[in-house]
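To start, the structure under review is shown below, and the notes come after it.
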Amino acid sequence: MANGEPLLRVESVGKEFFGNRVLADVDFSLGHGEILGLVGENGAGKSTLMNILFGMPVIASTGGYEGRILLDGKEVKFSSPFEAIDAGIGMVHQEFSLLPGFTVTENILLNRESTKYNPLVEVFGERIRTLDRQGMKKRAEAAISEIGFSIDTGTFAAEMPVGHKQFTEIAREIDRLNTKLLVLDEPTAVLAESEAEILIQSLRNLSSKGISMIFISHRLQEILDLCDKIVVLRDGRIVKETRPSDTDIFQIASHMVGRNVEASSASRPSRPDTEAILEVDKLWVDMPGETVRDATFSVQRGEIFGIGGLAGQGKLGIANGIMGLFMAGGSVSVKGLVIKLNDPAHSLSRDMAFVSEDRRGVGLLLEESIDWNIAFTAMQVQDKFVRKLLGGLVKWRDDAAMRAATQEYIKLLDIKCTSHKQRAVELSGGNQQKVCLAKAFVVGPDILFVSEPTRGIDVGAKKLVLDTLRKVNEERGTTIIMTSSELEELRSVCDRIAIVDNGRISGIRPAAAPATEFGLLMMGSEPAVAGSDVGGGDA
Amino acid sequence: MVAKLKKFIENAGWPRIIIGLFLVSLYIAAPMVNVKVLTSLSDTLVRVGMNGVLVLAMVPMVQSGCGLNFGLPLGIIAGLLGATTSIQFQARGLAGFGFAMLVAVPIAVALGFIYAQILNRVKGEEMMIATYVGFSSVAVMCMAWLLLPFNSPVMIWGYGGSGLRTTISTENYWRHVLSDFLAFGSDTSGTFYVPTGMFIFFFLMLFLVWGFFRTKTGTAITAVGSNPEFARASGIDVNRMRTISVILSTVLGALGILVYEQSFGFIQLYMGPLYMAFPAVAAILLGGASVNKATMVNVVVGTFLFQGILTMTPSVINSLLQSDMSEVIRIIVSNGMILYALTRKTQVKR
């Protein structure tokens, strides 16, 4: 097999989404039977790279990609996943794509079933051939045993534990006779440790049979154990390509989050300790996909407090829970007084405001004008922009005041729009985000929660948004609690950063702490020095 | 000029322009087939006045995201109860009409509140459920009309001596009290007739609803209809806002049917209210409203176009074809409009 030509070669691949560069100059190659570990933060470009490789339509519909991909020495350009499958690339997705009411066998062999002849075929053609249940069972069992695992092939997918579902997915890819390259997108994320071990072992088996793999995972130890080669992506570029023997967890973690950031965070003067403005004790939030289990921390007046962590670990749930948008419990006190949870109106009345990560779903009235978007919350919560008629009996909307305030913020935040009456849906992502910020500023909160303020917006708008937050913090003394997936961003703006892992605060560090430490906290492995700091609050 | 025309077409929307032109062509064609234009115009105006408030009853629920008020019969039932009660107490003239409203409104508020509680439990399926609320309330009232203790001889069945008739005349009570207030001409003389009082009432209602949606509460209701998640994040009690809008729609439905009855001259009980929602729904959609946005202009334009078509098409086309097609055309136009608008909804949402 080792004829010198690698199975897969990726040459200077790049991709732009609407002028937003997400991948640049990605080069690597993968030999037969090799396993490549791909690591990087959320948004580093891993998914985009895999979408390109797999010929997902989203790539072609947004203008294609740059560079070349060679499979077995021949350039390929897939226009649909079916072509990629035919060429021998299999993909195991993060989310299961199994039919719940089908058995393991049926799921593995869907649309590739073994069939038998029956007379109706003469009339209706090949599609009416009878299923060969016995043959199918054998094939399914063969595929499963190839992984080195055993599942009853008659079980329905809906009734299986997640681990078994994952194995079924992999078995499906293996049953395709021509699979040469298997892409596994976080296959172990949902598995228990023992299951993950079995999976790792079986992947090794497969690779010894000549199947190459691209293995994406946030569990760095697995990557080190399993892979022959490790590629670290950051901001769409390959920052490191190495072999497991030449590196360790610390190095990979610091490559992932970047190193040269000390300069930017040092620009904030160190702050004297003041009283706590927000105290969170044993908070749980039932937010789907971002469950918070037990968060305890406190934030000081005038601070910019960062909340970071990987996607799905619960960092977004904290702000949503405190603002009453998702079912929450535990105790949260603002300026020493305990607030009522699960009641957005109450949270807002306690001088808090929230810029949601879900801009289009929660943050904006897409079909309404900019001035409505900006003024609405302040009007409803604080009776701003309201003229009282007939001795307060009628609370009339004050359109003139709304227009004046909106135009002020359009100028201040440089919102690009035709007028204050333009509908929010017509604005670009960055300008929509500015409208969301303006909405919060109009309320004039003491505590401002900002979630993913720079997600999906271009570099220029990013800078303006972050600068504005800093300015509001300095000039108005607003305490800002910023949640972001981008650690770099948090480190450049915040005073202290809490990292959330598995629904708990795994540690709070000053922003100037080394990136490696944050990287390890994100991976859930507590660095030796930090044991006592969990749930602390004074750093 | 061309740009202006384009802008106008864009603002008005093709359906309204096509139907408007069709209506104009019907008025032009009318004299050729011996249909009197002035009489037709009067008929149109009367029908607009009769139906206007019922169409307006769509607006609050549309604005709060509850969809079109297919449960309009519920409001109508409240209005019918007000009407029958006022006749029972022999209340006549404008005062009698006012008394009917006074009785109808609290009933509408109570029924609207219950209706709202149902709709708040079926978010996303409001229109389907509303239709059945309307239908089943009519069915319940079919029994109630027989059993309620009314005993005014003008209203009860002649032979049994108990139970209300299907049709009750308002002739000696408050027939035309609004229509004839400051009216031009007379509807019996065959000259041009404008039911001024009915229009004054219609525009008063339009003004009140318009004003309501410019208040803090009205703004909150609009936001709930636009994006309930946004409203909730701004501390709005979404269910409460929806409840207010449903009550408002139901009350307008009750007032609307009273206006309708005083002009029509009859109170129609039993199965009468069953299909009342559909022409109102068709009119507001024809006026350019969507299932989650409606304005006062939509109400006025839609009522005029829809009632105009309903008045003109049968008379002109009957004369042309020499046969009675009026009911068929009416059904095709009104249901066709609903179908058109509801399919358009899915387009907007995609």
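Read the figures in this text as sums done on the coordinates, not as results from a lab. All values derive from a computational prediction rather than experimental measurement. Neighbour counts are summed over all protein chains in view; Cβ atoms, including those assigned to glycine, are modelled from backbone coordinates with ideal geometry.
Counting only residues at least eight positions apart within a chain, or on another chain, the lysines with an alpha carbon under 29 Å from that of A:LYS74 are A:LYS15, A:LYS46, A:LYS180, A:LYS209, A:LYS229, A:LYS240.
Proximity of backbone amide H atoms, modeled 1.01 Å from N, is registered between A:LYS240 and A:VAL232 at under 5 Å, excluding neighbours fewer than 5 places apart on the same chain. Each label point was placed 7 Å from the Cα along the Cα-to-Cβ direction; for B:THR191 and A:ALA345 their separation is 5.7 nm.
How would you classify chain B from its alpha-carbon gyration tensor, with a ≥ b ≥ c the square roots of the eigenvalues: rounded for a/c under 1.5, else prolate if a/b is greater than b/c, otherwise oblate? Here chain B falls in the oblate category. Put simply, when A:473-482, B:107-116 are sorted by average Cβ atoms within 10 angstrom per residue, most first, you get B:107-116, A:473-482. For segment A:113-124, 3J(HN,Hα) computed residue by residue from phi via the Karplus equation (6.51, -1.76, 1.60; θ = phi - 60°) reads 4, 6, 9, 10, 6, 9, x, 4, 4, 4, 8, 9 Hz, glycine and proline entered as x.
Cα centroid distance between segment A:12-65 and segment A:298-346, in Å? Result: 35 Å between the Cα centres. Only Cα pairs under 8 Å and 6+ residues apart enter the sum, and on that basis the relative contact order of chain B stands at 31 percent. Extension gain for B:ALA95 to B:ARG121 (0.36 nm times residue separation, less C-alpha to C-alpha distance): 5.4 nm.
Here r is the Cβ-Cβ distance between A:ALA189 and A:GLU475 and R0 is 30 Å; the resulting FRET efficiency, rounded to 0.05, is 0.10. Under 27 Å of direct C-alpha separation, and excluding same-chain neighbours fewer than eight residues apart, A:LYS282 reaches these lysines: A:LYS315, A:LYS335, A:LYS340. Computed extension length for A:ARG387-A:ARG301: 27.6 nm, one decimal, from 0.36 nm per residue of separation with the Cα-Cα distance subtracted.
Between segment A:449-503 and segment B:260-319, what is the C-alpha centre distance in whole Å? If we compute the Cα centre of each part, the gap is 54 Å.
Local charge for A:ILE277 was computed over the other residues whose Cβ lies under 12 Å away, with Lys and Arg +1 and Asp and Glu -1, and equals -2.
Between the C-alpha center of segment A:355-416 and that of segment B:111-179 there is a gap of 42 Å.
Nearest 500 deg cm²/dmol is fine: what mean residue ellipticity at 222 nm does chain B get from its DSSP H runs of n ≥ 4 alone, each adding -39,500 (n - 2.57), divided by its residue count?
On the way: 14 runs with 240 residues, N = 350.
For chain B, the value works out to -23000 deg cm²/dmol.
Ranked by the mean number of other Cβ atoms within 10 Å of their residues, highest first, the peptides A:505-518, A:429-442 fall in the order A:429-442, A:505-518.
How high is the relative contact order of chain A, given as a whole-number percent (alpha carbon pairs under 8 Å, six or more residues apart)?
Numbers: 1090 pairs, mean separation 76.8, N = 539.
Result for chain A is 14 percent.
What's the local net charge at A:PHE28, with K and R +1, D and E -1, over the other residues with C-beta under 14 Å away?
On the way: positive: A:ARG9, A:LYS46, A:ARG68, A:LYS229, A:ARG237, A:LYS240, A:ARG243; negative: A:GLU11, A:ASP25, A:ASP27, A:GLU34, A:ASP228, A:GLU241.
Around A:PHE28, the charge tally is +1.
For A:349-358, what's the mean count of beta carbons from other chains sitting within 10 Å of each residue's beta carbon?
Working: counts 1, 0, 0, 0, 2, 2, 1, 3, 0, 3.
The mean count of partner-chain Cβ atoms within 10 Å per residue comes to 1.
Amide H to amide H distances under 5 Å link A:ARG496 with A:ILE304, A:GLY306, A:ALA511, where only residues 5 or more positions off or on other chains count and H is placed in the peptide plane.
Tell me whether chain A comes out rounded, prolate or oblate; compute the Cα gyration tensor, take square roots of the eigenvalues as a ≥ b ≥ c, and use a/c under 1.5 as the rounded threshold. Please list the in-between numbers first.
Working: a/c = 1.97, a/b = 1.71, b/c = 1.15.
Prolate, because a/c is 1.5 or more and a/b exceeds b/c.
Only lysine pairs 8 or more places apart, or on different chains, with alpha-carbon atoms under 24 angstrom apart are counted in chain B, and they number 12.
Using the Cβ-Cβ distance between B:PHE181 and B:SER326 with R0 = 41 Å, the FRET efficiency computed as 1/(1 + (r/R0)^6) comes to roughly 0.85.
Let me make sure I get this right: for segment A:364-444, a, b and c are the square roots of the gyration tensor eigenvalues over alpha carbons, sorted descending. Under 1.5 in a/c it's rounded, otherwise prolate if a/b > b/c, else oblate. Which is it?
prolate
Taking Lys and Arg as +1 and Asp and Glu as -1, the other residues whose beta-carbon sits under 13 Å from that of B:PHE230 total 0.
Residues in segment A:492-509 carry Karplus couplings, in order, of 7, 10, 8, 8, 10, 10, 9, 9, 9, 9, 6, x, 10, 6, 8, x, 10, 10 Hz; the curve used is 6.51 cos²θ - 1.76 cosθ + 1.60 with θ = phi - 60°, and Gly or Pro positions show x. By the rule of a C-alpha distance below 20 Å, with chain neighbours fewer than 8 residues away ignored, the aspartates and glutamates paired with A:LYS137 are A:GLU106, A:GLU113, A:GLU146, A:ASP152, A:GLU159, A:GLU169, A:GLU173, A:ASP175.
With both partners inside the protein assembly as shown, how many of the DSSP beta bridges are antiparallel, as a percent to the nearest 5? Looking only at bridges with both residues in the protein assembly as shown, the antiparallel portion is about 60 percent.
Computed from phi, the 3J(HN,Hα) profile of segment B:41-50 under the Karplus parametrisation 6.51, -1.76, 1.60 (θ = phi - 60°) reads 5, 4, 4, 4, 4, 4, 5, 4, x, 5 Hz, with x in place of Gly and Pro.
Entry note, segment B:248-350: relative contact order of 25 percent, from Cα contacts under 8 Å with a spacing of 6+ residues.
Note on A:VAL26, B:VAL299, B:VAL33: ascending count of other Cβ atoms within 10 Å places them as B:VAL33, A:VAL26, B:VAL299, the fewest first. The sum of -39500 (n - 2.57) across all DSSP H runs of n ≥ 4, divided by the residue count of chain A, sets its helix-only mean residue ellipticity at 222 nm to -10000 deg cm²/dmol.
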